[in-house]
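Contents: one structure, followed by commentary.
The values are calculated or read from the model by the stated rules, or taken from the named source; none is laboratory data. Note that the coordinates shown come from a computational prediction; the quantities given were computed from them, not determined experimentally. Cβ sites come from the backbone with ideal geometry, for glycine too, and all protein chains shown count toward neighbours. Quick note on the areas: whole protein, heavy atoms, side chains included, nothing else; ligands and nucleic acids left out. Shrake-Rupley method; radii C 1.70, N 1.55, O 1.52, S 1.80 Å.
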Amino acid sequence: MTAPIYLSLVFHNHQPVGQFDYVTEHSVNVSYLPLIELLEQHPSVHVGVHFTGPLLDWLKINYPELISRLRVLVTRGQVEILTGGYYEPVLVALPDEDKIGQIQKLTEAVKATFNYEAVGLWLAERVWEPHLPRPIAQAGVKYVIVDDTHFEGVGFDKDHDLFGYYVTEEQGHAVAVFPTLAYLRYSIPWLPVERLIDWMRVEADKPLPSFVPKLAFMGDDGEKFGTWPGTYEHCWGDGKYMEHLFSALDKNADWLKTASPAQYMRQFPALGRAYLPTASYMEMGEWSLPPDASYQLTTLKHTLEDQKRLDVVRFLRGGIWRSFMVKYDEINHMQKRALLVSEKVHEMRRGRRREEALDLLWAAQSNDPYWHGVFGGIYLFNFRVANYANLIAAEAMAESEETDLRLRTFDFDRDSRDELVLSGTPFNAIWSPQGGGALLELDYRPGKYNLLNIMSRHKEAYHADLVEAARENRVVTPESSTSLEMENIHSKTIRAKELGLEKLLIYDWHRRAAFIDHFIAPHTTLEEMYRAQYAEQGDFVGQPYQAHTTIDAEAISVRLMRDGHIWVGDVHEPVRLTKTFLFKRGDHAFSVAYVLNHVSDKPISLRFAVETVIGFDGGQDVNYCALRIGDAAERLSLQSLAAVSAVARYQVDSNLRNLTQTTELSRPATLWRFPLETITQSEAGFERGYQGTAFLQVWDVQIAPGESWAVTITTRVTEEATRP
């Protein structure tokens, strides 16, 4: 007789804030609905299900019948519904009051929707830190799901010690922790059901020393069962994997029992105590490292796995989730922006308006743009747009009773160097005086849009795989003769949505932003600037500027100045650059006045360029966004490389956001433009992603002895856009 063993399956279903409706619709039809139908056909199979708040809200409106059918399964005790942070935030990145508030919001929604008291928590990306038990317990949660990696990090043996749950605590606040087993996550649905049943039988015959019935636990993405490439046919089509799995569970129910985590907890005690380290799943640790270190760790791991050195693999550790805020300035900026808005919202008087602002803030904490791995993360434009829109709206509500412009000088991004932060109507702005005096963020509050929401082009560890595969001519594209087979995200197959992506691997040596000051050689070309392979003649980009501010009731002036040097031929010439930003209360335009001074007894000739950027989502499609020069009606692509001479005015508009940004130059310039495109991985393989467009206003400058050169750039934003 085989000893009884329990299997607990938890399906985590998530669609981020800002997700496209057609993407969610697809997942409903190929993942969520098929699972509910299967559960209806197998009433003896008990599982846990987690829906994040954004997905739950969408389903209530668009698929109420799915909610009704799921409610029946919950009522009859077959399905346990889990809670979590409502908008699926990485909890460690939030103030405790936001952690608790987000969890309680989803718990209340589960109660209202399913009449169920949720006691288990799905931890976003399983990002754990030792302080979490306290706020999680204070939110009313009894257990949380983590990775077996967390336990291995403190010496547990996943092959023997993790068939059950443990209890951890912080300052006496205790919660149970369930380890989701990597073997099950990598086996279901990839390996034959028969192999899973055989494995379960072997494990059942190896009872725990405590004689508590063993529990094999798997918590994983519901989208893995149908939405990931090739999995629908395998799981629900001719492959019928899920039907085979559930039928096998029914057939072996005399010794292989299914239970949700809460059901198991009610029957059996914990295996003991555990204090877990800062961790996530192994891949997250790899992804959070700098690219070269990430590639080295991944290569080492695969080598050891091929050598069957699992005794060594268990001790491998990568970085921690917070390292994404070191790896990507854009992630750190957004996270610190959210902290700033959180402070303002929590200072509001309690009431309905504060509750609305809190909900906007929490929506802006949705985790997807705060990291990057196999999935798009920070590179997915629509997720960044959604988070910034919610942050801007929440901040506007918190400051609704104030009409004056406000300017603060403090260490916004927590790097020991002060930034300047302007908030007011209609613009917010953030400058980095120590980082070249660049403008890092420009929010147009009426449109709830960050106009500088772009991504620099970063080196990624997986780029090496693409380069190697291209060199060996083994990149598979949709046009290739090789068929798209079902595979998991850990497959070594190199797929790409188009050929030649390795030629677009370009890495920026400075953070892309607005009003970056370049001095470039006469022979420098647009192509060289686009590829970030040119010689900078000055020492202004990324270097410290002195900041001076003037504030009154009607206007704020920010003057940024640097005494630097420029190579003119073989001579290192001293040049003073001053740029003065002027924002007026209620004015939908602002100006930047540039002055170049050169104290010398001889004239100098310079090639001066001011870099600006625009971050309109959809900018790769001229039907959504376009550039117009002067009074011309022609709509030009933001995704193309082009140079236009003698430009005094140009406009960039977005039909998606109904916004137009107009730039006027007091001196006509040659206008260079090029797209910021990144090459990233997704479930479907390598793809290029539009991340914004860079503009360079280029002037040939001659300065006589004792004189100066000046230009003013005026930017206006209006809530209107042209149509194709």
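General remarks:
- Tally, over segment 228-267, of residues that are open to solvent by less than 40 Å² (accessible area, probe 1.4 Å) and part of a loop (DSSP other than H, G, I, E, B): 9
- In the set (1) under 19 Å from Gln697 (Cα atoms); (2) open to solvent by 60 Å² or more (accessible area, probe 1.4 Å); (3) in contact with a strand residue (DSSP E or B) (Cβ under 6 Å, 6 or more places away or on another chain), the condition left unmet by Gln533 is number (3).
- Filtering segment 457-474 to residues that are out of contact with any helix residue (DSSP H, G or I) (no Cβ under 7 Å at 6 or more places or on another chain), open to solvent by less than 30 Å² (accessible area, probe 1.4 Å) and in a loop (DSSP other than H, G, I, E, B) leaves Arg457, Tyr462.
- Residue, farthest from Glu573 (Cα to Cα), within segment 687-715, restricted to residues that are buried (at least 16 other Cβ atoms within 10 Å of the Cβ) and either touching a His at 6+ places or on another chain (Cβ under 9 Å) or free of Cβ contacts under 8 Å to residues at least 12 places away in the same chain (or both): Leu696
- Scanning segment 401-437 for residues that are within 23 Å of the chain's Cα centre (by Cα) and small (Gly, Ala, Ser) gives Ala429, Ser432.
- Of all residues in segment 77-109, those being closer than 30 Å to Thr278 by Cβ, free of Cβ contacts under 8 Å to residues at least 40 places away in the same chain and of a type outside the set (D, E, K, R) number 5.
- Counted as qualifying within segment 88-174 are the helices (runs of 4 or more DSSP H) with 2 or more residues that are under 20 Å from Tyr281 (Cα atoms), namely 133-138, 148-152.
- Complete set of residues in segment 419-430 that are touching a helix residue (DSSP H, G or I) at 6+ places or on another chain (Cβ under 7 Å), part of a loop (DSSP other than H, G, I, E, B) and either open to solvent by less than 60 Å² (accessible area, probe 1.4 Å) or not hydroxyl-bearing (Ser, Thr, Tyr) (or both): Pro426
- Residues of segment 510-524 satisfying the condition of being open to solvent by 50 Å² or more (accessible area, probe 1.4 Å) and either touching a strand residue (DSSP E or B) at 6+ places or on another chain (Cβ under 9 Å) or assigned to a helix (DSSP H, G or I) (or both): Arg511, Pro522
- Being hydroxyl-bearing (Ser, Thr, Tyr), under 12 Å from Gly436 (Cα atoms) and at pLDDT 95 or above holds for only one residue in Tyr545, Tyr507, and it is Tyr545.
- Those helices (runs of 4 or more DSSP H) lying entirely in segment 312-410 with at least 1 residues more than 30 Å from Lys158 (Cα to Cα), out of contact with any Cys (no Cβ under 6 Å at 6 or more places or on another chain) and of a type in the set (Gly, Ala, Ser): 329-346, 352-363, 381-398
- Enumeration of residues in segment 65-76 that are open to solvent by less than 60 Å² (accessible area, probe 1.4 Å) and either touching a Pro at 6+ places or on another chain (Cβ under 8 Å) or in contact (Cβ under 8 Å) with a residue 40 or more places away in the chain (or both): Ile67, Leu70, Val74
- For segment 77-104, the candidate set comprises residues that are surrounded by fewer than 21 Cβ atoms within 10 Å (Cβ to Cβ) and charged (D, E, K, R); within that set, the residue that is nearest to Gly219 (Cα to Cα) is Asp96.
- Inclusion of Val28 among residues that are part of a helix (DSSP H, G or I), within 16 Å of Gly120 (Cβ to Cβ) and among the hydrophobic types (A, V, I, L, M, F, W, C) is not warranted.
- Selection count, segment 577-596, where residues are open to solvent by 50 Å² or more (accessible area, probe 1.4 Å) and modelled with pLDDT under 95: 1
- All conditions but one from (1) among the aromatic types (Phe, Trp, Tyr); (2) more than 23 Å from Leu82 (Cα to Cα); (3) open to solvent by less than 20 Å² (accessible area, probe 1.4 Å) apply to Phe211; the one that does not is (3).
- Condition met for Tyr22 (under 24 Å from the mean Cα position of the chain (by Cα), part of a helix (DSSP H, G or I) and free of Cβ contacts under 8 Å to residues at least 12 places away in the same chain): yes
- All positions within segment 689-707 that are modelled with pLDDT of 95 or more and either among the aromatic types (Phe, Trp, Tyr) or touching a Leu at 6+ places or on another chain (Cβ under 7 Å) (or both): Tyr690, Gln691, Gly692, Thr693, Ala694, Phe695, Gln697, Trp699, Val701
- Residue within segment 25-45 that is surrounded by fewer than 18 Cβ atoms within 10 Å (Cβ to Cβ) and among the hydroxyl-bearing types (Ser, Thr, Tyr) present: yes
- The listed residue being open to solvent by less than 40 Å² (accessible area, probe 1.4 Å) and polar (S, T, N, Q), out of Ser600, Ser605: Ser600
- Among residues of segment 638-686 being part of a loop (DSSP other than H, G, I, E, B) and open to solvent by less than 40 Å² (accessible area, probe 1.4 Å), the one that is nearest to Met455 (Cα to Cα) is Leu638.
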